[in-house]
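Worksheet: the structure to be examined is printed underneath.
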There are 2 protein chains.
Amino acid sequence: MTAAAGKASRFAARGTTQEIEEGLAFAPKFDQDGLISCVVTDATTGEVLMFAHMNEEALARTIETGEAWFYSRSRGTLWRKGESSGHALRVNELRVDCDQDALWIKAQPQGPGACHTGRRSCFYRAVRLKSPAGSTTQLEFREGERVFDPGEVYGRKPKG
Amino acid sequence: MTAAAGKASRFAARGTTQEIEEGLAFAPKFDQDGLISCVVTDATTGEVLMFAHMNEEALARTIETGEAWFYSRSRGTLWRKGESSGHALRVNELRVDCDQDALWIKAQPQGPGACHTGRRSCFYRAVRLKSPAGSTTQLEFREGERVFDPGEVYGRKPKG
């Protein structure tokens, strides 16, 4: 069987709303660019670590290997999280939402940080709420300390 | 000042990578459809409740009101979470990721469930991992019990 045939039969066709919401067939909805959204949390702390996209191939590899694969929209390439940094994400659980167009990975990080800036999480800044309309909204750092040196880990290589 | 001017000046222009990743100006990146991805977790339990999109207006309203507003791609409308169900989401914290193209809301749910199917979370099914290539991937329910009756809460109204 070819890889294409393997991918095609791995995912079910989109059925009725009832089948999609209450069924047991995995029928992920990829958008017009062939991508599906995926949020990753730390399985131990519950913290949101990162947000990225998968194409069919990345999702199939994630299911087969138990490690998180994504598709980089900026680079136009499939990538295994950790392939540059060594900081892979082992998938404890992969969940899908009601209409099967978003994924949630509970992961066991295999390194100190998931963010290419050297932080544990990509979400290291908070937006100031209830700022009046007309004023530019400001950010503030939260748990923004670096846990690794991105220069050392990545050198000049792209993030991953 | 018009609403449009208020929106325009609320968000900073996209700057250099350094400014976007390390700066304090909120410069969210909306995609070609004018949308940004947003994951919502329960501020108390850490559970991922839902995933949705915001347009500029939804994000501005969320910041101004401290309640979660989204943009429905299927209906083509702005919506306040809870406008139909009463199950609003109070925003405890709104975070943005390194490249400012994804948002994370830590919310205090103002009702029993965030999912229009009647569950606490939209992510009530897990994908079976390491299923062999060529076989259709199956789902299994996890914490899938209903906490409200969607027929009673929504009647024939759209989800929200």
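Observations on the model:
- Residues satisfying the stated conditions in segment A:135-148, i.e. surrounded by 13 or more Cβ atoms within 10 Å (Cβ to Cβ), closer than 13 Å to B:L94 by Cα and more than 7 Å from chain B (Cβ to nearest Cβ): none
- Each residue in segment B:8-26 was checked for being at the interface with another protein chain (Cβ under 9 Å from one of its Cβ atoms) and not polar (S, T, N, Q), and 9 pass.
- Selection count where residues are within 15 Å of the chain's Cα centre (by Cα) and over 20 Å from B:D33 (Cβ atoms), scope segment A:6-47: 6
- Selection status of B:E21, at pLDDT 95 or above and acidic (D, E): yes
- Strands (runs of 3 or more DSSP E) wholly inside segment B:93-160 that include at least 3 residues being more than 22 Å from A:G23 (Cα to Cα) and touching an Asp or Glu at 6+ places or on another chain (Cβ under 7 Å): B:102-109
- Unique residue being closer than 26 Å to A:T44 by Cβ, small (G, A, S) and without any contact (Cβ under 8 Å) to a residue 60 or more places away in the chain when the list is B:G23, B:G76, B:G46: B:G46
- Of B:F11, B:F51, B:F26, all but one fail to be out of contact with any Leu (no Cβ under 7 Å at 6 or more places or on another chain), closer than 14 Å to A:V127 by Cα, crowded, with 20+ Cβ neighbours inside 10 Å and not polar (S, T, N, Q); the exception is B:F11.
- Looking across segment A:84-114, the residues that are out of contact with any strand residue (DSSP E or B) (no Cβ under 7 Å at 6 or more places or on another chain), at pLDDT 95 or above and either on the phi < 0 side of the Ramachandran plot or within 7 Å of chain B (Cβ to nearest Cβ) (or both) come down to A:C98, A:D99.
- Members of segment B:118-134 found to be small (G, A, S) and at the interface with chain A (Cβ under 7 Å from one of its Cβ atoms), listed by number: B:A126, B:S131, B:A133, B:G134
- Every condition in (1) closer than 27 Å to B:C122 by Cα; (2) more than 10 Å from chain B (Cβ to nearest Cβ) holds for A:G76 except the one numbered (1).
The values are calculated or read from the model by the stated rules, or taken from the named source; none is laboratory data. Model, not experiment: these values are computed from the prediction. Heads up, the Cβs are rebuilt from the backbone with ideal geometry, glycines too, and the neighbour counts pull from every protein chain shown.
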